[in-house]
Amino acid sequence: MKAANLRVKERLETLGLELEITILPDAVRTAKAAADALGCDVGQIANSLIFRDLDADRALLIMCAGDRRVDLARAGEATGLRLGKADADFVRAATGFAIGGVPPVAHSTPLTTLLDRSLERYAEVWAAAGTPESVFRMTPDDLARMTGGRWVDVAAD
C-alpha cells in the first residue's frame, strides 16, 4: 500500500470504519474503467469531484454516482456559492491527492461535502482510496457518516 492509501485507511479506522482498500492491477481514472475492473454498475462508483468556490477560493467536494454529471447551477443553488471547475494543482493543494485518486476522506484541509442522492440507489458504492488504482466499498450511510456530507440533488437530469 502507498502512503496515500495508508492515510485513507487510518482516517477510516479513526472514524470506526473497518473498510478494506482494494488495490487494482491498473489505474482506473474514469467511473467506467473502475466499474469494469470491479464488475459493478457505473452508478456504484462514487466520484469525488472537487469544485472551486470562486469567491472564497476554497474547495467543495461533491460525491456523485459515476453514471451522472453534477449540474454546477444546481450545486450553486444548494450551497449559495459561485462555483467553478478546479484544476489539478488546486485539487492536489486542497485535498493532498491527485485527480483520479481523491477519496471522500483524509484531505489535507477540511472540506464541505455534498452527497448527490444518485448514490442512494445502491446498497453499496465504491470510492477512490487515495490513488488511481485503489478503491474501497461502503454503504451510502457509511459515506455520509465519514464525510459529514449533506444529501442533495445536484446531478443533471
Three principal axis lengths of the chain [C-alpha, angstrom, descending]
38, 30, 28
Which value in deg cm²/dmol, rounded to the nearest 500, describes the helix-derived mean residue ellipticity at 222 nm for the chain, given -39,500 (n - 2.57) per DSSP H run of n ≥ 4 and division by the residue count?
-8000 deg cm²/dmol
In degrees, nearest ten, helix 3-14 long axis to first principal axis of the chain (Cα):
80 degrees
Give me P(r) over region 68-118, computed from all C-alpha to C-alpha distances, binned every 10 Å, as integer percentages.
22, 50, 29
Against the globular-protein guess of 2.2 N^0.38 Å, express the Cα radius of gyration of region 7-80 as a ratio, rounded to two decimals.
1.34
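For region 1-47, with only Lys/Arg (+1) and Asp/Glu (-1) charged at the beta-carbon, what is the dipole magnitude about the Cα centre, in debye rounded to 20?
On the way: 6 positive and 7 negative charges, 50 e Å.
Value, rounded to 20: 240 debye.
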Please state the charge dipole magnitude for the chain, taken about the Cα centre, from unit charges on C-beta atoms (+1 on K and R, -1 on D and E), reported in debye and rounded to the nearest 20.
280 debye
Once you list every other residue whose beta carbon is under 11 Å from the beta carbon of ALA129, what net charge do they have if Lys and Arg are +1 and Asp and Glu are -1?
+3
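Throughout, read-outs are computed from the coordinates displayed, never taken from laboratory work. All values derive from a computational prediction rather than experimental measurement. Neighbour counts run over all protein chains shown; Cβ positions are idealised from the backbone, glycine included.
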